[in-house]
Amino acid sequence: ISKEYKNPVLVSGTDGVGTKLMLAFQLNRHDTVGQDLVAMSVNDILVQGARSIFFLDYFGCGKLDVDTAERVVKGIAKGCELAGCALIGGETAEMPGMYPEGEYDLAGFAVGIVEKDDIIDGRTIAEGDIVLGLASSGPHSNGFSLIRKVVEVSGADWSMPFDGATLADRAMEPTRIYVRQVLEVMKSVKIKGMAHITGGGLVENIPRVLDDSLQCVVKADSWKRPAIFDWLQEKGNIDSHEMHRVFNNGIGMAVIVSPEDADRAEALFKEQGETVYRIGGIVRRPEGAPGCIVI
């Protein structure tokens, strides 16, 4: 551990890619799910201020297809490069009869490090604080059981032209990795709390960093929602609450800062190449109300 840390704390996280893999099998697209795998863990430990230092993966299959495995691992390597961490090893397991032909399962875990005094735990979040949203690249790695169902019942074709590409392209966009950008902004601005917007959406992930006395109010018209979410809501006849519970709806990471730091943080994220929106704020929570509402 680097001598720059006086009181280092290790932070770890583990995750998979979920049923997005089913779509990867169906479309024979294996180049980006590795980045998804890395992103799910490194973004999760980032919310506590941790810099990812290494990653390990697990690849399980019935019979190893070397070409497919190579494509997956290249994606994992790219994800690690984007996160600034080392891919130090992993496990490739062949288990005949365990998986159907052509299918595999992925899991991974990341270990990061943070100075004890710099741990982000949300305890300083207060009424009046501002919530910034960093744009997602699409559904990331959540809601794919519902996405595949909507495509099935609508009779849509994955290869149909959609939003400047194809529907498959937009659905399979790899999960954005926010590590370098957030760590850079943290050097100049105090981030009070963060939430990686995965399953559960904004309404279930943001309250994890809030005291029970506080509520996050998100304004749905404060950012540009990617076209794929509009399409899914229309074709699947999905109500707005369910959309915000299942999908990220275009916001991959929520960052909470004090009002006096909001402009600076916004400018710094833009300098890092992020698309950032001021999506809401923190208020006193009415009795019996949920921790986050979208209006």
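The values are calculated or read from the model by the stated rules, or taken from the named source; none is laboratory data. These numbers come from a predicted model, not from an experiment. Positions of Cβ are backbone-derived with ideal geometry, glycine not excepted, and every protein chain shown enters the neighbour counts. Accessible surface is based on the protein model in full, side chains and every heavy atom, while ligands, DNA and RNA are left aside. Shrake-Rupley method; radii C 1.70, N 1.55, O 1.52, S 1.80 Å.
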How would segment 131-212 be classified by its alpha-carbon gyration tensor: rounded, prolate or oblate, with rounded meaning a/c under 1.5 and the a/b versus b/c comparison settling the rest? oblate
Show which lysines lie in cross-link reach of LYS270 when reach means a straight Cα distance below 22 angstrom and same-chain residues fewer than eight apart are skipped. LYS187, LYS190, LYS192, LYS219, LYS224
For a test of the definition: using alpha carbon positions, the gyration tensor, and the 1.5 limit on a/c, classify the chain as rounded, prolate or oblate. oblate
Pull out a ≥ b ≥ c, the square roots of the eigenvalues of the alpha-carbon gyration tensor of segment 224-295, then state rounded if a/c is under 1.5, prolate if not and a/b is larger than b/c, and oblate in the remaining case. oblate
With +1 on each Lys and Arg Cβ and -1 on each Asp and Glu Cβ, and nothing else charged, work out how big the dipole of segment 215-295 is about its Cα centre, in Debye to the nearest 20. 100
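Near ARG264, within a Cβ-to-Cβ distance under 15 Å, what is the net charge of the other residues, with Lys and Arg +1 and Asp and Glu -1? Could you put the intermediate results ahead of the total?
Details: positive: LYS187, LYS190, LYS192, LYS270, ARG278; negative: ASP129, GLU184, GLU260, ASP261, ASP263, GLU266, GLU271, GLU274.
For residues surrounding ARG264, the net value is -3.
Are any of the pairs LYS6/LYS116; LYS149/LYS235; LYS3/LYS116 more than 19 Å apart by Cα-Cα distance, and if so, which?
Values: LYS6/LYS116 8 Å; LYS149/LYS235 10 Å; LYS3/LYS116 14 Å.
Table pairs above 19 Å Cα-Cα: there are none.
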For the chain, which whole percent of the accessible surface, found with a 1.4 angstrom probe, sits on carbon and sulfur atoms? 48
So which lysines pass the test for LYS78, namely a Cα distance under 19 Å, with those fewer than 8 places away in the same chain ruled out? LYS20
If pairing requires two Cys Cβ atoms under 4.7 Å apart, which cysteines of the chain are left without a partner? CYS61, CYS80, CYS85
